[in-house]
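In what follows, a structure is listed as structure tokens, so that the remarks can point back to it.
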Amino acid sequence: MLHRALDHSIPADVRDRITLLTAGRTAVNSCVRFAPPFLATIARGNGTTLAGIGVAVAISELSGLLSPLNGEIVERLHRRTAMVLGLIGVAGGVTIAASSVHPAMFAVGLIVLSQSKVMFDLGLGSWTTDRVPYAQRGRVMGLVEISWALGLLVGVSIMGVLTAVTNWRVGYGVGAAAVIAMAGLIARRIGPDSGPHSRASRTARVPVNVREVGVLIFGMFCLMAASQALFVTFGSWLVDVFDFTPATLSVVAVGLGFAELIASLTSSRRTDAWGKERSTAVGATLMVLASVGLAVWHGHLFIALPLCIIAIALFEFAIVSAIPLSTAAIAGSPARGMALMMGAGTVGRAAASIPATRLYVRHGMAWPALMCAVLGTGAIVAMLSLHSGRMKSLPTGDLV
């Protein structure tokens, strides 16, 4: 299905397998995105409160700091092996979470799930990097990234219906079964590494040039922190100010999923033509403008809610546009570059969560929105600086 969006300038094995790999990532993302809407239900199943289960989620988020180590491991594996092991690990993490009777056990499940997803994502990103030239990488990776929105729109919706009919453990179980099925399909249909992207060609360790990747890491820190300022507050804002119910919040989630889908598709179509740094900067700039508008009109639902959804969708456009940058951050080591970006994002989310929620409690939604704008400006500066540096050092053909 998705191969129709790629022309014959993209290698045949990528065109033939992009639908399969996107489906696999959709299954993974469905499992990752399942917990937040059902935290209260999961908390009761583990004999704790929402605050108690929230601690388990926070601990699992911090496990993202292990991403750089995961990158080192993936660089020493075959790409297919990393993807299959990641899928099996995701299924294992989901099974632990579904079997949990205590928040600590649930946290262990989420940690295994989180780091296994990282392994799968790094394997998939490296597999794509090995085959697709940098100038065309945004197109392919943008298509794969629609799996984030589809995980919410399709996967979580199915798992949610099953949860309503049975219980949340069954919902998780179906997610685990889907991931195992995708592991079998990918193991069968993705060939072993060979030629220039073989394991033997990756044994030499490439040193990290802090000067070259530092700007990108700072930009990703700011971009992820900016989005977190909205993610951790907008649900409470809608409930506290506009009396939203779980049902109306679900409608908002569906609308957000469609907005993310449009953002990923737009990135796939435009990022390579506009340039990766410029596309990320454009997305961050529009996100900043939308968040400023949210700060100004936060008391007017029919203005503020669309602005909030638009800001989050523009973040999605920006982050998807930035992923190809991370694959080229460290020469010959796409997994390490992507892992550094993920680690920076983890630190950004962790750093923003507490101040954003405290600003909301003390001052309302205007201040987290302004926090998003300030941090987004940092991402804009980083991307423009990175683009300027590449303009001076790279041939014209490498600038996109």
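Here are a few things to note about the model shown:
- Pair list, Cβ < 6 Å and 6+ apart or interchain, from segment 358-387 residues that are at negative phi to residues that are in a helix (DSSP H, G or I) and among the polar types (S, T, N, Q): ALA369/SER291; CYS372/SER291; ALA373/SER291; ILE380/THR285; MET383/THR280
- Where SER30 falls short, out of the listed (1) under 23 Å from the mean Cα position of the chain (by Cα); (2) closer than 21 Å to ASP121 by Cα; (3) surrounded by fewer than 17 Cβ atoms within 10 Å (Cβ to Cβ): (3)
- Matching residues in segment 283-299 - criterion: being over 20 Å from the mean Cα position of the chain (by Cα) and either closer than 16 Å to SER385 by Cβ or not in a helix (DSSP H, G or I) (or both): TRP297, HIS298, GLY299
- THR280 vs. criteria of a type in the set (S, T, N, Q), part of a helix (DSSP H, G or I) and over 18 Å from the mean Cα position of the chain (by Cα): no
- Per this entry, ARG33 is counted among residues that are in a helix (DSSP H, G or I) and either under 23 Å from ARG349 (Cβ atoms) or at pLDDT 85 or above (or both).
- Residues of segment 215-262 that are within 24 Å of GLY378 (Cα to Cα), out of contact with any Leu (no Cβ under 9 Å at 6 or more places or on another chain) and either of a type in the set (Phe, Trp, Tyr) or exposed (fewer than 14 other Cβ atoms within 10 Å of the Cβ) (or both): PHE218, PHE231.
- Hey, SER268 in contact with a Leu (Cβ under 8 Å, 6 or more places away or on another chain), farther than 22 Å from LEU359 by Cα and in the same structural domain as PRO355 (by TED's automatic domain parsing) or not: yes
- Qualifying helices (runs of 4 or more DSSP H) (wholly inside segment 40-103; at least 1 residues being under 20 Å from the mean Cα position of the chain (by Cα) and over 20 Å from PHE231 (Cα atoms)): 67-74, 79-99
- Pairs, first in the same structural domain as ARG188 (by TED's automatic domain parsing) and closer than 14 Å to ARG269 by Cα in segment 1-15, second of a type in the set (Asp, Glu) and not in a helix (DSSP H, G or I), C-beta under 6 Å, six or more apart: none
- Selection from segment 18-41 of residues that are farther than 27 Å from THR81 by Cα and in contact with a Phe, Trp or Tyr (Cβ under 6 Å, 6 or more places away or on another chain): PHE38, THR41
- Pick from segment 63-77, criterion touching a Ser or Thr at 6+ places or on another chain (Cβ under 7 Å) and either within 30 Å of ALA40 (Cβ to Cβ) or surrounded by fewer than 17 Cβ atoms within 10 Å (Cβ to Cβ) (or both), ranking: modelled with the highest pLDDT: SER67
Rundown of residues vs (1) out of contact with any Leu (no Cβ under 7 Å at 6 or more places or on another chain); (2) modelled with pLDDT under 95; (3) crowded, with 24+ Cβ neighbours inside 10 Å; (4) over 19 Å from MET224 (Cβ atoms), yes/no style:
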{"position": "LEU294", "(1), (2), (3), (4)": "no, no, yes, no"}
{"position": "ILE303", "(1), (2), (3), (4)": "yes, no, no, yes"}
{"position": "ALA311", "(1), (2), (3), (4)": "no, no, yes, no"}
{"position": "ILE330", "(1), (2), (3), (4)": "yes, yes, no, yes"}
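- Conditions (1) more than 20 Å from ARG139 (Cα to Cα); (2) at pLDDT 95 or above; (3) not charged (D, E, K, R): number failed by ALA281: (1)
Let's see how each residue does on (1) assigned by TED's automatic domain parsing to the domain that holds VAL347; (2) among the aromatic types (Phe, Trp, Tyr); (3) more than 30 Å from ALA135 (Cβ to Cβ):
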{"residue": "ALA229", "(1), (2), (3)": "yes, no, yes"}
{"residue": "TRP237", "(1), (2), (3)": "yes, yes, yes"}
{"residue": "PHE244", "(1), (2), (3)": "yes, yes, yes"}
{"residue": "LEU261", "(1), (2), (3)": "yes, no, no"}
{"residue": "SER264", "(1), (2), (3)": "yes, no, no"}
{"residue": "ARG278", "(1), (2), (3)": "yes, no, no"}
{"residue": "ALA284", "(1), (2), (3)": "yes, no, no"}
{"residue": "ALA290", "(1), (2), (3)": "yes, no, no"}
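- From the options VAL55, VAL84, VAL101, residue that is buried (at least 20 other Cβ atoms within 10 Å of the Cβ) and in contact (Cβ under 8 Å) with a residue 40 or more places away in the chain: VAL84
The values are calculated or read from the model by the stated rules, or taken from the named source; none is laboratory data. Predicted model only: the values in this text are computed from it and were never measured. Glycine gets a Cβ as well: all are built from the backbone with ideal geometry, and neighbour counts include every protein chain shown.
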